[in-house]
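Read the structure below first, then the notes.
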Amino acid sequence: MPVVEFENRKQRPLVLSIEPTGDRIEVPPLGRAAIRYSLPEHAEDRYHAAIGEHRIDVWCDAGDYEVDIVPPSPSDRLLWAICVELGYCGGVVDGEPVTVTDLIPSAGVLTAEEFAELVIRADGWPASSPLPDNALRRLQTKFVECFGRTSVEADVFHRVTRRPFDRDPAQQRYTA
C-alpha cells in the first residue's frame, strides 16, 4: 500500500483536502499527516498533490484510503519555538555544530532553568560569561508554556516522535 506523508511546518493549521471524496482534515501546526491507500489490481496510481500556503489538495482515486494525523509533541513545539520565535537554533561550540538536544542529558530530570542555560550554551555563549537574565526568563517561560510544568524527564528530547501509521491506540485516524 502506498503511503504519502506531509508535514505542517507552519504556525497555523492547514487543511488536507482529498478528492474526489471531498474529505477535509485539519493538520495541526507542526503536525504530520499521511495517506495510505490501496489500488485495485493492475490499476494505475494517479495520485497527485498540490501544496498551497495553508492547504494541501490531494487527488487519490484509490478504492479505499486512511489518513493518520500525528500531532507534535511538547518537545517538538518547544524546539521549534526557541529556534523560529526566539532565534536560538544552535551554534558552533569548540569548532563543532551544536544544538540544545546535543547538550541535554539522556536521562534524569531537566528543569526549565537548566534547559534555558543549555539553549544559550548551545548557541555558542562563552562558558566564562554570565548568562543574560532576560533570555533565560524567556526560554524558561517557553519551556513551561510547552510542557505545562517546570521540569520533565530529559529523555523526552531524545525520543523519536511517532511516525504516521505507527501502532498507537490513541492516534487520530480517518478512513474513507
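The values are calculated or read from the model by the stated rules, or taken from the named source; none is laboratory data. In this text the structure is predicted, and so the values were computed from the model without any measurement. FYI the Cβ positions are ideal-geometry reconstructions off the backbone, even for glycines, and counts take in every protein chain you see. Only protein heavy atoms, including side chains, enter the accessible area calculation; ligands, DNA and RNA are left aside. Shrake-Rupley method; radii C 1.70, N 1.55, O 1.52, S 1.80 Å.
Given C-alpha coordinates of the range 20-72, what is the ratio Rg to Rh with the Kirkwood estimate of Rh? Could the numbers behind the result be given before it?
On the way: Rg = 12.2 Å, Rh = 12.3 Å.
Here the Rg-to-Rh quotient is 0.99.
Between the range 27-49 and the range 92-152, what is the separation of their alpha carbon centroids in Å?
Each part's Cα centre sits 39 Å from the other's.
Summing Lys, Arg as +1 and Asp, Glu as -1, what charge do residues with Cβ under 14 Å from the Cβ of Ile56 carry, Ile56 excluded? Walk me through the numbers before you get to the answer.
Values: positive: Arg9, Lys10, Arg12, Arg24, Arg32, Arg55; negative: Glu5, Glu7, Glu19, Asp23, Glu26, Glu53, Asp57.
Combined, the nearby Lys, Arg, Asp and Glu give -1.
Please work out how much length the chain gains when fully extended from Leu131 to Glu41, using 0.36 nm per residue of separation minus the C-alpha to C-alpha distance, in nm with one decimal. Present the calculation step by step, with values, prior to reporting the outcome.
Numbers: separation 90, 0.36 × 90 = 32.40 nm, distance 6.32 nm.
Between Leu131 and Glu41, full extension yields an extra 26.1 nm.
Can you pull a Stokes-Einstein diffusion coefficient for the chain at 10 °C (1.306 mPa s), Rh from Kirkwood over Cα pairs, as a whole number of µm²/s?
Values: Rh = 18.4 Å.
Value of D from the Cα-based Kirkwood radius: 86 µm²/s.
Compute the helix-to-body angle for 133-147: its Cα long axis versus the longest principal axis of the chain, expressed 0 to 90° and rounded to tens.
That helix lies at roughly 40 degrees to the long axis.
By accessible area of protein heavy atoms, probe 1.4 Å, what ranking do His42, His158, His48, His54 get, highest first? Display every interim value, and only then the final one.
Numbers: His42 175, His158 80, His48 110, His54 55 Å².
Heavy-atom accessible area, descending, gives His42, His48, His158, His54.
Taking N as the number of residues in the range 79-146, what is its Cα Rg relative to 2.2 N^0.38 Å? Walk me through the numbers on the way to the answer.
Working: Rg = 11.3 Å, N = 68, 2.2 N^0.38 = 10.9 Å.
Dividing the Cα Rg of the range 79-146 by 2.2 N^0.38 Å gives 1.03.
Express as a percent, rounded to the nearest 5, the fraction of DSSP beta bridges in the chain (both residues included) that run antiparallel. Intermediate values should be presented prior to the final figure.
Values: 31 of 36 bridges.
Roughly 85 percent of the DSSP beta bridges within the chain come out antiparallel.
Calculate the dipole size of the chain relative to its Cα centre from +1 charges on Lys and Arg beta carbons and -1 charges on Asp and Glu beta carbons; express the result in debye to the nearest 20.
I would put it at about 460 debye.
As I understand it, the value is the acute angle between the Cα axis of helix 112-122 and the longest principal axis of the Cα atoms of the chain; what does it come to in degrees, rounded to 10?
Long axis of 112-122 versus the principal axis of the chain: about 90 degrees.
So what's the net charge close to Ser129: Lys and Arg +1, Asp and Glu -1, counting the other residues with Cβ under 15 Å from its Cβ? Walk me through the intermediate numbers first.
Numbers: positive: Arg121; negative: Glu117, Asp123, Asp133.
Computed value for this residue: -2.
With a 1.4 Å probe and all protein chains kept in place, how much accessible area does Val3 have, in Å² rounded to the nearest 10?
Here the accessible area works out near 80 Å².
Give the cysteines in the chain for which no other Cys Cβ lies under 4.7 Å away, or write none if there are none.
Result for the chain is Cys60, Cys146, no neighbouring Cys Cβ within the cutoff.
With every protein chain present, what accessible area does Arg32 have (1.4 Å probe, heavy atoms only), rounded to the nearest 10 Å²?
Approximately 50 Å² of Arg32 is accessible to the 1.4 Å probe.
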